[in-house]
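The values are calculated or read from the model by the stated rules, or taken from the named source; none is laboratory data. What you see is a predicted model; the values in this text were computed from it and never measured. No Cβ is skipped: glycine too gets one built from the backbone with ideal geometry, and neighbour counts run over all protein chains shown. Heavy atoms of the whole protein, side chains included, go into the accessibility calculation; ligands, DNA and RNA do not. Shrake-Rupley method; radii C 1.70, N 1.55, O 1.52, S 1.80 Å.
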There are 4 protein chains.
Amino acid sequence: MPKTISTLAPEWAVSEWFNTPSPLTLAALRGRPVLIHSFQLLCPGCVAESIPQVQRIERVFGHTDLQVIGIHTVFEHHAAMSPLTLKAFLHEYRIKHPVGVDQADGQTDTPITMRRFALRGTPSSILIGRDGSIIHQTFGVEEDMMVGARIAMALSAPVADEIATTTQQNDAGCADGRCELPSHSAV
Amino acid sequence: MPKTISTLAPEWAVSEWFNTPSPLTLAALRGRPVLIHSFQLLCPGCVAESIPQVQRIERVFGHTDLQVIGIHTVFEHHAAMSPLTLKAFLHEYRIKHPVGVDQADGQTDTPITMRRFALRGTPSSILIGRDGSIIHQTFGVEEDMMVGARIAMALSAPVADEIATTTQQNDAGCADGRCELPSHSAV
Amino acid sequence: MPKTISTLAPEWAVSEWFNTPSPLTLAALRGRPVLIHSFQLLCPGCVAESIPQVQRIERVFGHTDLQVIGIHTVFEHHAAMSPLTLKAFLHEYRIKHPVGVDQADGQTDTPITMRRFALRGTPSSILIGRDGSIIHQTFGVEEDMMVGARIAMALSAPVADEIATTTQQNDAGCADGRCELPSHSAV
Amino acid sequence: MPKTISTLAPEWAVSEWFNTPSPLTLAALRGRPVLIHSFQLLCPGCVAESIPQVQRIERVFGHTDLQVIGIHTVFEHHAAMSPLTLKAFLHEYRIKHPVGVDQADGQTDTPITMRRFALRGTPSSILIGRDGSIIHQTFGVEEDMMVGARIAMALSAPVADEIATTTQQNDAGCADGRCELPSHSAV
């Protein structure tokens, strides 16, 4: 069963959003559990397994305050997986939740969010608690039973006043829709 | 998400047990979440869907104090699904958790436990909370994501002193490994 | 692709039939391709894989003269898989094609047909050509694509006069609905 | 079972090839059965169902002279499914057989090959016999058992002299790697 690891999740870095009228920040979602789904549109495991799983998550937990966020973390075939192709992909696969394009760092093939979370590849998923900490992070796809259990636990956590206060303090370090946490300042 | 229905689960009525050195009662399991899996060995949906799901439940929640109990609720083809055939079935399907044969009532085709829980058929499953109440009961198979979420919630419930006290009182009405609750007294 | 092995199939030995008004013999089916499905009702691989495959075979090749025959080749848990339980099993799994109970030899656990075909276990399947020869025999389940290809080839074989003549000669060795071939005379 | 429809298959029109050192024509493949798989890389049904099926076809029939040809028949989201993205897609999905980009007609969204075969959408598949005729054409995915049966039948057809002669005559109408048949001359 899930063990809470008290590591505060870093902010994502997104160059373009789909399925949301305005840019989103993890900081602004503090208080709600957040599931980040890291994928690439040409990743077979993403298309065959993790995207269908995310859609089952949305069906089962659609009435809760869980927020699902897709991050298109392209680290290969960059030209082949442009935002233009992503847009058509989201349309064809009926993906309705907000999806952000992971921001290129201008130097390497690995985009910024992917490096901040130290993702090993796609698909990856990160479950973030109401207090902003990383509850669980995985590379690949875990079985539905376990995923359902983890999300239920994350949802059942109380929103304490203390957490809200901490959030305020952390938000102070965010600017331009991004939070540069000390532990990730190297990125 | 699951809503706790405060109906105290009735006791099962079992004529023969497999995979346990001594007979079990629901009353004695008070304090632990219990998942009852009602099946018949010749029920195609049980073999194809619910039994594999129960085995996934055991894999994911094997390190918790969830207790899985199978009840062989035969309501048709009684001679074809005798305890002798059930024993070989449990061996071939590698079912290791305790399985009880639902007790015939001597008058109808529907056995006693099945009637007490008002089961509509097989497969059925009943999730019972630490306080002995029925959290959820379903006919057929629900998706793993939801099942995992429900069990996680049941596991996260505290074992309050108050519950223990209530349990004592309810246990007072139990005899011969069976609790005859007022609401089920007709059985 | 399948290679025709020119081994004449031995006759089956059946003690009881289901889903047919009168006993069947392989000899009498000469001229038609025959698929023998060897199974046990408590064999998990049979229930999960080979029986559904046989039902797909019946759906795809239902308009041809392919004859599907089930043989209940019980070699363990004999009392648990009695004809009475088999009858209920066939009803519950909606199996409509003729199914014969493999005849016990009175001495060993392995029934007669199973030994004649030298089957290694269940599920097994044997595809027999119009000329009575074994086209392919397998232990376990092969992929549908290959199975479909083999059956189509068996169906496309002509029913030559020569085959009919040969059949007659082989039939000369058959008695009581059974052919005792020299190579199987030990049985 | 498949019925041979004696319609000579039109030639494909391809603007760019992958997985082949030089352009291919259907005319030059006369004498071999050909399976054309029409797909789009952003078509969910293609990725989830028809591409895996084509890969099973290749595994089962890899030792025969069946030729599998993919045609990327893009009729929507053209910019999103460019040859550059297709190339990365073929790499990621381990597609090794020749794939041609269906040629745009310069006027409509529907490319030329798609119109010549009157395809309704993707995925589609067309099985062409040794004599160049269309044996079967389908929109969507059929079950493996049936597909295997059809291909086996196509493979078992003899390459008669008569067919070769007919082929020569039809080839007379082909130029620039393309055959403009009277019935398709409107394209």
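Key figures for this structure:
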read-out	value
Verdict on residue C:67 being crowded, with 16+ Cβ neighbours inside 10 Å and out of contact with any helix residue (DSSP H, G or I) (no Cβ under 6 Å at 6 or more places or on another chain)	no
Some residue of the stretch B:7-15 being over 29 Å from residue A:65 (Cα atoms), within 15 Å of the chain's Cα centre (by Cα) and charged (D, E, K, R)	yes
Neighbours by Cβ (under 6 Å, 6+ apart or cross-chain): first from the stretch A:133-161, of a type in the set (D, E, K, R); second surrounded by 15 or more Cβ atoms within 10 Å (Cβ to Cβ)	A:144/B:144; A:144/B:145; A:150/A:2; A:150/A:127; A:150/A:136
Among the candidates D:23, D:33, residue that is under 16 Å from residue D:12 (Cα atoms), away from chain C (no Cβ under 12 Å), modelled with pLDDT of 95 or more and open to solvent by 50 Å² or more (accessible area, probe 1.4 Å)	D:23
Some residue of the stretch B:92-106 being touching a residue at least 40 places away in the same chain (Cβ under 8 Å), away from chain C (no Cβ under 11 Å), farther than 20 Å from residue C:48 by Cα and among the basic types (Lys, Arg)	no
Residue within the stretch A:144-152 that is closer than 19 Å to residue A:25 by Cα and either at pLDDT 95 or above or away from chain B (no Cβ under 14 Å) (or both) present	no
Where residue B:41 falls short, out of the listed (1) under 13 Å from the mean Cα position of the chain (by Cα); (2) buried (at least 23 other Cβ atoms within 10 Å of the Cβ)	(1)
Some residue of the stretch D:125-132 being of a type in the set (A, V, I, L, M), in a helix (DSSP H, G or I) and open to solvent by less than 40 Å² (accessible area, probe 1.4 Å)	no
Meets criteria (modelled with pLDDT of 95 or more and farther than 30 Å from residue C:83 by Cβ) for residue B:116	yes
Output for the stretch A:19-42, where each listed residue is touching a Gly at 6+ places or on another chain (Cβ under 8 Å) and farther than 25 Å from residue A:153 by Cβ	A:23
Failed item, numbered, when residue B:84 is tested on (1) open to solvent by 40 Å² or more (accessible area, probe 1.4 Å); (2) over 17 Å from the mean Cα position of the chain (by Cα); (3) farther than 28 Å from residue C:90 by Cα	(3)
Every pair of residues 6+ apart whose Cβ atoms lie under 7 Å, when the first sits in the stretch A:6-28 and is farther than 17 Å from residue A:96 by Cβ while the second is in a strand (DSSP E or B) and among the hydroxyl-bearing types (Ser, Thr, Tyr)	A:6/A:133; A:7/A:133; A:8/A:133; A:9/A:133
Residues located in the stretch D:88-111, provided they are of a type in the set (D, E, K, R) and crowded, with 16+ Cβ neighbours inside 10 Å	D:92, D:102
Tally of residues being more than 29 Å from residue A:152 (Cα to Cα), aliphatic (A, V, I, L, M) and in a loop (DSSP other than H, G, I, E, B) across the stretch A:48-103	1
Residue match in the stretch B:68-77 (condition: at negative phi and without any contact (Cβ under 8 Å) to a residue 24 or more places away in the chain)	no
Per-region count, the stretch A:55-64, residues touching a residue at least 40 places away in the same chain (Cβ under 8 Å) and either crowded, with 18+ Cβ neighbours inside 10 Å or among the acidic types (Asp, Glu) (or both)	3
Every residue from the stretch C:114-140 that is among the aliphatic types (A, V, I, L, M) and within 16 Å of residue C:69 (Cα to Cα)	C:114, C:119, C:126, C:127, C:128, C:134, C:135
Qualifying residues in the stretch A:58-79 (those that are among the β-branched types (Val, Ile, Thr) and closer than 30 Å to residue D:91 by Cα) - the one nearest to the other protein chains (Cβ to nearest Cβ)	A:74
Subset tally (residues that are assigned to a helix (DSSP H, G or I) and in contact with a helix residue (DSSP H, G or I) (Cβ under 8 Å, 6 or more places away or on another chain)) for the stretch A:32-47	2
